[in-house]
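Input: a single structure, listed below in structure tokens.
The values are calculated or read from the model by the stated rules, or taken from the named source; none is laboratory data. This is a predicted model, so every value here is computed, not measured. We place every Cβ from the backbone using ideal geometry, glycine too, and count neighbours over all the protein chains shown.
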Amino acid sequence: MYLSQKKLAARLDVAQSTIGMWESGKRTPKLDEINRIALTLKITVARLLGRKEQKVEIVKNEIYVNGRKMKKLGASDVEAVLKHISDLQSQKKAPGRESVSIGKLKYAKKILIIDDEQGMCELLYSFLVPHNYKVFLTFNGQMGLEYFDEIDPDVVLLDLCLPDINGIDVLQIIRKVSRVPVIVITAHPGDIADIHLQELHIDGYIEKPLILKQVLNTLKHIIGE
């Protein structure tokens, strides 16, 4: 359909100068104006914007797009497309099916590390994340306890020598509210005796300097992969 600037302006209820500015590129029509133009010209918005509308047809195991046969696609491709469509239709008919499959997916276990040696914490982070663990780093006892309440970790790696709160005190606070597995990180294994004397349960300990493989094996043993 061809309309002069004057007639188009009258139908759209805008000034003729506005049409001129659109044509010259000095002004871009707003979304509601684009819709009104498309309705007035009796064309789609996609065509108005110069976007090519694609018509896809499947005829005798061949795919045609806008009437042109897709030479790179054969019968097996067509069958795959049809199967995909069938699967989508089945999912729509059974809305509960997707939630069941999602429930079976393995989620990343959350590890809370409470240790003031930042370099070592970052090393653990870089090592454990690729093994499907979600790692949270904290560098003092107070920060560790705040994160503990917030993230509800699956396991805690706890250093006994912290700059603000003694690691054993942190463990006492955790044990008042949770039985979450706790693995102690220490350069002095003898300190573990103090924990046992206070009847504070721990699930294991790792000596410094750390051996990354040992850390990973301990985690797998306690909370799985």
Checklist outcome for this item: Those residues of the stretch 175-197 which are in contact with a helix residue (DSSP H, G or I) (Cβ under 7 Å, 6 or more places away or on another chain) and surrounded by fewer than 16 Cβ atoms within 10 Å (Cβ to Cβ) amount to Asp194
Checklist entry - Would you say Leu112 is at pLDDT 95 or above, within 19 Å of Leu210 (Cα to Cα) and of a type in the set (A, V, I, L, M, F, W, C)? => result yes
